[in-house]
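Asks: Got a structure for you, written out below as structure tokens; questions coming shortly.
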Amino acid sequence: MSSSFDVIRRITANRPPRQVAGERCEMCAESIADEHQHVVDVEGRQLMCVCRGCYLLFTEPGAALRYRAVPDRYLSFPDFTISQGEWDALEIPVGLAFLFRNSSLGRTVAFYPGPAGATESELALDAWQTVRDRHPALDVLEPDVEALLIRIPEQGTAEAACLLLPIDACYEFVGRMRMQWRGFDGGQDVRRYIEEFFTAVSAHAKPASSGACEARTDASSGACDARTDASSGAREARTESGAR
């Protein structure tokens, strides 16, 4: 006759292993740290938390993949300018927006922050082409995984700033703004956070060369001797996969 202890021992022996608390890779279910890397589901327009192994599967530049690894590249554009008329033509209601190239839609998409989070601008962005024509260095932007964050401070477009960031950093930025948002314009906490964010990222970002667009070569060809420092830094970030 089995004792109560024998029964308990058999029950516990058949139990599945105890799951470790914390986030897990959305591809393979491996445990991941609080600071981890991301890939973009291009078709589903989703950001996925992944482990290092899954991340490395999608780092090949120029590959036609459904998933793309988000690099860890930060660039500044010291010579960036935009007139008040050009900004008004974009019809973005606040002085802050991030823009990225959506390869599935085949166009540039703009988002701006608000009390509900990131709001997509459904307006045509033909006016943006005028700015791009004047600043060809902006074309170093990698589709789907990087964004241009533009800020128009209260002083006006003369003090406009433009940064290139990983797309996950942009969504985190907007998410933190949403948590602190108060009233119609966000309140003092949001304004202070924006100032601190731009100060920190600007200090971390590497200035982009004005000739970055022309100097870039096809990454898939392996030619890199004609690349500028900015585009070379992007290749290193993708191959070393230093994304946070």
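Asks: Per residue of segment 45-50, what does 6.51 cos²θ - 1.76 cosθ + 1.60 with θ = phi - 60° give for ³J(HN,Hα)? Whole Hz please, x for Gly and Pro, Karplus curve as stated.
Replies: Running phi through 6.51 cos²θ - 1.76 cosθ + 1.60 with θ = phi - 60° gives 6, 10, 9, 10, 7, 9 Hz.
Asks: Search the structure for amide H atoms under 5 Å from the amide H of residue 24, placed 1.01 Å from N in the peptide plane, and list their residues when 5 or more places away or on another chain.
Replies: Correct list: 32.
Asks: If you don't mind, another one. Express in % the proportion of alpha carbon pairs of segment 26-87 at distances exceeding 13 Å.
Replies: For segment 26-87, the fraction of Cα-Cα distances above 13 Å is 68 percent.
Asks: Skipping prolines and chain starts, which residues have an amide H placed within reach, meaning under 5 Å, of the one on residue 96, given they are 5 or more residues away or on another chain?
Replies: Excluding prolines and chain starts, which carry no amide H, the hits are 152.
Asks: Tell me the net charge near residue 40. Cut-off is 11 Å between Cβ atoms, residue 40 excluded, with +1 for each Lys or Arg and -1 for each Asp or Glu.
Replies: Cβ neighbours under 11 Å give a net charge of -3.
Asks: From the phi of every residue in segment 147-152, what ³J(HN,Hα) in whole Hz does the Karplus formula 6.51 cos²θ - 1.76 cosθ + 1.60 yield, where θ is phi - 60° and glycine or proline is x?
Replies: Once rounded to whole Hz, the list reads 9, 9, 9, 10, 10, 10.
Asks: Can you work out ³J(HN,Hα) from phi for every residue in segment 69-78, in order, using Karplus 6.51 cos²θ - 1.76 cosθ + 1.60 and θ = phi - 60°, giving whole Hz and x for Gly and Pro?
Replies: Here the 3J(HN,Hα) series is 6, 7, x, 10, 10, 10, 10, 10, 10, x Hz.
Asks: Further question: Amide H to amide H, which residues 5 or more places from residue 37 or on other chains are under 5 Å from it, using H placed in the peptide plane?
Replies: 50
Each value in this text was obtained by applying a stated rule to the coordinates, not by laboratory testing. None of these values were measured; they are calculated from a predicted model. Glycine gets a Cβ as well: all are built from the backbone with ideal geometry, and neighbour counts include every protein chain shown.
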